[in-house]
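A.B. asks: Please see the structure below; I have some questions.
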């Protein structure tokens, strides 16, 4: 079991608040993954071996029964304004925890990166708060949307245990590496 913290360097306005401190990942009432500056609000995540919601198509990351859903899009150079979400009973296969170039365990998906943007920048019309800092995915080769910042989502140790295997889960939980809290 682990939580994510966001590490940002040189975040532009309007997300310049990310330049201060360590941010935690959680979800809002709309299901979007967001960054908050209160680490006690962090969601706890697990990596599952075989994503049963995607027909066993590889690993996925979830809070137990709600998985991380990444919806890539856009053109070869411009990403979509799709949010990264947490959705009950499903998850995007291929989202995993692995070491980055500096051997730090981070959230990974198909060689791309995650960005943080105001909900209003992503046109997240269903966002309950347009000033929330919402996560977005940028594929390799795509530019970061204006007003957004690339974030490194680091796996932080938060405890042990995964509950009962395969009971309301998206597969069998794995032990993964994490950074000390």
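A.B. asks: Here's a check for you: in region 1-27, which residue that is modelled with pLDDT of 80 or more, touching a strand residue (DSSP E or B) at 6+ places or on another chain (Cβ under 9 Å) and assigned to a loop (DSSP other than H, G, I, E, B) is surrounded by the fewest Cβ atoms within 10 Å (Cβ to Cβ)?
C.D. replies: Across region 1-27, the extreme among qualifying residues is 10.
A.B. asks: Cβ-Cβ under 7 Å, sequence separation 6+ or interchain: first residue in region 131-158 and on the phi > 0 side of the Ramachandran plot and without any contact (Cβ under 8 Å) to a residue 40 or more places away in the chain, partner surrounded by 19 or more Cβ atoms within 10 Å (Cβ to Cβ) and part of a strand (DSSP E or B). Which pairs?
C.D. replies: none
A.B. asks: For residues in region 152-166 being more than 16 Å from residue 96 (Cα to Cα) and either out of contact with any helix residue (DSSP H, G or I) (no Cβ under 9 Å at 6 or more places or on another chain) or at pLDDT 50 or above (or both), which is surrounded by the fewest Cβ atoms within 10 Å (Cβ to Cβ)?
C.D. replies: 160
A.B. asks: Another question about this same structure. Taking the conditions exactly as written (in a loop (DSSP other than H, G, I, E, B), at pLDDT 80 or above and either in contact with a helix residue (DSSP H, G or I) (Cβ under 8 Å, 6 or more places away or on another chain) or buried (at least 22 other Cβ atoms within 10 Å of the Cβ) (or both)), does residue 30 satisfy them or not?
C.D. replies: So residue 30 does not fit the description; no.
A.B. asks: Do you know which of the residues in region 68-122 that are in contact with a helix residue (DSSP H, G or I) (Cβ under 7 Å, 6 or more places away or on another chain) and in a loop (DSSP other than H, G, I, E, B) is modelled with the lowest pLDDT?
C.D. replies: Of everything passing the filter in region 68-122, 89 is modelled with the lowest pLDDT.
The values are calculated or read from the model by the stated rules, or taken from the named source; none is laboratory data. Note that the coordinates shown come from a computational prediction; the quantities given were computed from them, not determined experimentally. We place every Cβ from the backbone using ideal geometry, glycine too, and count neighbours over all the protein chains shown.
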